Structure formats: C-alpha cells, structure tokens
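This report concerns only the one structure given below.
The values are calculated or read from the model by the stated rules, or taken from the named source; none is laboratory data. Keep in mind the model is a prediction, meaning the values are calculated, not measured. Glycine also receives a Cβ, built like all others from the backbone with ideal geometry; neighbour counts cover every protein chain displayed.
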C-alpha cells in the first residue's frame, strides 16, 4: 500500500508512477569511478577467470551489448566479455545513494512506496490527470 505524504491528503489521484532505476548498481559504480564511463561494467563477483560460481547482479548498457544480463552466471558473463570491468557488490554504497534518491522522490509524492533499493511507486503531488502530467 502506498503511504500518504503527511503534507497532503488527496484521495482522488489517478496516476501512479513507477520509478525503476535500471542498471542502478552499475550506474552508481560509474558515478563513483568516472574512468569507467563507456566501459562494459558488471557488478556481481569475481569471475575467477571464467570459473566463478556467482551471478551478475546488474551490468551497464555497454556490457549488455555483449549479451550480459542480470542473474546470468558470472562465468558466462566472463566468457561473453572477458574485458568487462567486474566489480563486487557494494550494497552499503547502493543503499546510501538509494536513500538520497528516494528522499528526493518523496518530496514530489503524495503517496510513496519504496519496493526495493532501486524501485518505488509514487502518486505525484498536484497531478490529477494525464493532461496535468504533460505540463
């Protein structure tokens, strides 16, 4: 259930937005390490030269061009692109960045529900119809 923003109380909303920050972990890593911009980045674990047994948590769009995707075995990702930059998951950093982003989103929401570190639903303040959403 979406939580009401204490500053408003409009029950007539019709629009619910889904915010899904695609490739969030990889994007945060690139933000932290600008030298990774434009490179194929895979967040998950050490591929151990193709013998790793973990999975890809997420990857950058550059890595997706090689066919890499979330939940793929890290060994397969390595075989598809051994030159990718493989990084371990840094959940503490992702949670910190997520908290900052979600705080900004809450400021625009009458109702807000965070469903994961990189996804939330919100009912925007002062948008009562699809026509209002365009302006």
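None of 89, 117 is under 14 Å from residue 47 (Cα atoms) and either within 17 Å of the chain's Cα centre (by Cα) or free of Cβ contacts under 8 Å to residues at least 12 places away in the same chain (or both) except 89. May I ask you to list the residues in region 94-109 that are touching a helix residue (DSSP H, G or I) at 6+ places or on another chain (Cβ under 7 Å) and farther than 20 Å from residue 40 by Cα? Scanning region 94-109 gives a single hit, 97. Being more than 20 Å from the chain's Cα centre (by Cα) and modelled with pLDDT of 95 or more is a property that does not hold for residue 126.
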